[in-house]
1. If you take the charge dipole of the protein assembly as shown about its Cα centre, with +1 on Lys and Arg Cβ and -1 on Asp and Glu Cβ, which of B:62, B:350, B:46 is farthest toward its positive end?
2. What are the ³J(HN,Hα) values, in whole Hz, obtained from phi via the Karplus relation 6.51 cos²θ - 1.76 cosθ + 1.60 with θ = phi - 60°, for each residue of region A:204-214 in sequence order, with x given for Gly and Pro?
3. Just how large is the dipole of the protein assembly as shown about the Cα centre, in debye to the nearest 20, putting +1 at every Lys and Arg Cβ and -1 at every Asp and Glu Cβ?
4. In a GNM of chain B with a 10 Å cut-off on Cα contacts, which of B:75, B:370, B:27 has the highest mean-square fluctuation?
5. If you take the square roots of the eigenvalues of the alpha-carbon gyration tensor of the protein assembly as shown and sort them as a ≥ b ≥ c, do you get rounded (a/c under 1.5), prolate (a/b over b/c) or oblate?
6. State the answer as a single residue: which of A:14, A:187, A:267 lies farthest towards the positive end of the charge dipole of region A:2-271, with beta carbon charges of +1 for Lys and Arg and -1 for Asp and Glu, about the Cα centre.
7. Mind grabbing the accessible area of residue A:235 for me, 1.4 Å probe, Å², rounded to tens?
8. Please give the per residue accessible area of the protein assembly as shown, computed with a probe of 1.4 Å over protein heavy atoms only, in Å².
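The values are calculated or read from the model by the stated rules, or taken from the named source; none is laboratory data. The structure displayed is predicted, hence computed values, not measured ones. In this analysis, Cβ positions are derived from the backbone assuming ideal geometry, glycine residues included, and neighbour counts consider all displayed protein chains. Heavy atoms of the whole protein, side chains included, go into the accessibility calculation; ligands, DNA and RNA do not. Shrake-Rupley method; radii C 1.70, N 1.55, O 1.52, S 1.80 Å.
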Amino acid sequence: MGTIATLALFEMKVHIRNRWVLVFAFVFGFTAVAIAAFGLATAGVAGFQGFARTTASLLNLALYVIPLVSLMMGTMSFAGEKNAGELLFVQPIARESLVWGKLLGLMLSIAIATGSGFGLAGMIIAARVGSAGVTRYLLFVGHALLLALAFLALGILVAIASARKPRAFGYALFLWFFFVLFYDLLVIGLTFLVPEPIANRLVFLSLFGNPVDLVRVSGFMTLDNPTIFGAAGVMLVKFFGGEGWAHVALIVGTILWGILPAWLAQGLLRRQDI
Amino acid sequence: MVLLMGIGGSAEAKTLVVRPQGPLASVREAIRQADAGDTIRIEAGVYGGNLRLEKPLTLEGVGKPLILGEGSGSVITVLADGCTIRGMVIERSGRVLVEEDSGILVKSSRNRIEENEIRDVLYGIYLYAAHDNLIRGNRIRGLAELEFGERGNGIHIWNSSGNRIIANTISHMRDGLYLQNASRSVIRENHAFHLRYGLHYMFSDDNVIEENRFFDNMVGAAIMYSRRIRLRRNIFFRNRGFSSYGLLFQDCDDCVIEGNLIADNAVGIFMEALRRSVFRRNLITTNDVAVYLFSSASENVFTENSFVRNVSLLRVIGRGTTTRWSWQGVGNYWDAYEGFDADGDGIGDVPFRLQDLFERLEGNHPRLRVYLSSAAAEALAFAEKAFPIIPGPQEWDPAPLRKPRALWPSDALEIERIPFSRWAFLAPMAMVGLSVGLFLWVGRR
C-alpha cells in the first residue's frame, strides 16, 4: 500500500511539474465557468430547472473532454516518458503496484484539474439557483471522476498492450471516437434490425458496454430525473427494478470499467519482457 | 328563542343567529325554524352536521364556524334552488365514492357557494344535475392519506350546465375540477395543485377556462371528448412524472388555446385526435418535450406562440400530421431558430424545421431517448443536415417569428426563487480549495 501511495504521489508530481494538470485545469475550468455563467444568464430559469439545465451542459462537457484527456494521460504515463519509465522499472517495485499507483496518481491529478473548474462553476450555479441540488451536483462531480477512472485505465491498458509505444496514442484516439460516437451509432443501427421487445433490452444492456453511456444516463438521472428520458425512462427504471437499482447498476458498471482494464493491464505488464 | 331582524327592506325575510352559547345553538334547528328566504347567521363555534337545505336559505358563517359532518353521507346537501352558503368550515364527510359523499352536495340550481373551507371530505363540492350555480373563493383540501383512486374530486360537476367556478383553491383530491356533461361552464382564476388531474373534462362543450393555475399535478388539464373549449391565460406549471402533461387533449374539436403559460412540464402539450383547434400566443417553455403529437390530431394551427428552452420541441407518433405551424404567413417564435430576416418584416426568411432526424426516429421508437444529447444523436442530426437525402415526414414552420409575441415574457418562469444558501456555496468552494491545496502541496514536495 505504501508503494502505491508513493508511486501515486510521484505520478502526480510528474504531471504537475510538466504542466499537464495546470493547462487542463485552465482549459476545463474556463469552459465550465463559461457554461455555468452564460448558461444561466441566457436561461433566466431559477430553481431546480435552472440547475438541471445548466448542469446538463456541464455533463456534456465532461462526457466529451474527460474521456479524451484521461485516455491521453493514461497512455502517456506508460508510453510517453522514456527515461522515467525505465528508471521506475529498475526499482524494486512489483509491477502490479506500478499500474495501481500510477492509476491512483493520474486519477488524483485529474481530480485536481477538474475540481477547481467544477468548483468554480458550482459556485456560480449556487449563487444563482440557491441550494437546489447541491448534493446532486456533488454526485455529478463523482460521476465525472468515475468516467476519468475508466478512461485512465483504458489508456494504461492501450499503452501496455501496444507493441510500439508511439502507436498507443493512435489507438487511444480511436478508442475515444469509438466510445463517444461509433458505439452508440452501432447500437442504434442494430436496434432497427432486431424485433421491438429485444431492441429495448438491447439498448439497456448496451449501456454497460460503454462507460460514456453509463455516466451519461446515470448523470442525467442524477442531475434531473429519470423522467427526462420519457417512456424510455419508465422502461429503464423497470428494467433495473427501481430507480435506486438503476443508479447502483450504472455506477457499479462504471467502476468495473475502471477496475477491469487496469487489472488486465497489470496482468499484461507482469508477463511482459521489457 | 329567535332573534328577529328585518334586512334589506324585505318584510318577510328574517335573520336567525346561531351561536354555541345559545339561545339558538344548533344549525339544524335553525334550518327547521327558518322560512324560505331567511338568513341564518352562524357565529364561530363547532356545530353538528349533516345539514339538508330543502328551502332557499342563506347560511352565513361569521368567524369561520365549523360544521362537522357525521362521517357518512354529505355534510351539507342543497336541494332547494337559490341557497347561499358562505364563510363556513366544512369537515368530515363519508367516504363512499358511489354515494357522492361530499362537503357540499348540490342538487339544485342558482345557488351561491362562497368563501368556504372544505377539508377532510371525499368530494369537495359536488354539483349533481345542478345548473347556473356560482362556486367562488372556496378552499378545498382532500384526504392526502388516500391513494388517488380512492379520493373524490375537488369540484365535481355532473350533468350540470351554466355553472361559474371562480377563484377556488383545490389540492390533494383525485381531480381538482372534474366536469362531465357540463356545458356552458366558466372556470376562472382557480388554483389546482397536488392532484391527479388539475382539470378533467368529459363531454362538456362551450366552456371557458381562464386564468387558472394548474401545477404540481400528474396532469395539469386533461380535456377529453369536448368541443369549442376556450382556454385563455391559464398557467400549466411543473406537472412532472413519467406520464405527466401540462395540457392534454383527447378527441376534441374546435378549441381555442390562447395566451397560456405552459412551463416546466414533462410534456407541455399532448394532443391525440384534437381537430381544428388553434394555439395562439402561448408561451411553451422549459418542458422536457414541448408538444407530443399523434397523427390522429388534424388540422390544428400553431401561430404566434413562443417555444423557449424546451429540451425537445416535438414528438410525432405515427406518420406525419396535418398540423400547421403558421397561419396566413405568421408562424411562431422558436428560440432555436438560426435564420435571418433580410427584408426586416419580422418573419424569418428561412423556414424553421422542428425536428432533426434523431428526434423523428425518437417519435416512433421512444427507447432512443436514452441517447438524449449523446454524440451519436448529434451526429445523426448533423448527417441529415449535411446530406439531406433521408426521407420521411417533416414538420416545418415556414414563417418563424424573429421576436416573441406570446402573452407572457419569455422569462415568465421566474416564479420560484430558491433562497441563497451558504451551504450550497461552501461545497463547491471546498472543491476549489481542495484542488488548489493538493496542487500546491504536491508541487512543493
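1. B:350
2. Taking θ as phi minus 60°, the curve returns 5, 5, 5, 4, 6, x, 8, x, 5, 5, 4 Hz for region A:204-214.
3. Details: 69 positive and 63 negative charges, 366 e Å.
Dipole of the protein assembly as shown, to the nearest 20 debye: 1760 debye.
4. B:370
5. Numbers: a/c = 2.92, a/b = 2.08, b/c = 1.40.
Judged from the Cα gyration tensor, the protein assembly as shown comes out prolate (a/c at least 1.5, a/b above b/c).
6. Positive-end residue among those listed: A:14.
7. The accessible area of residue A:235 comes to roughly 50 Å².
8. Values: 29070 Å² over 719 residues.
Roughly 40 Å² per residue, with all protein chains present.
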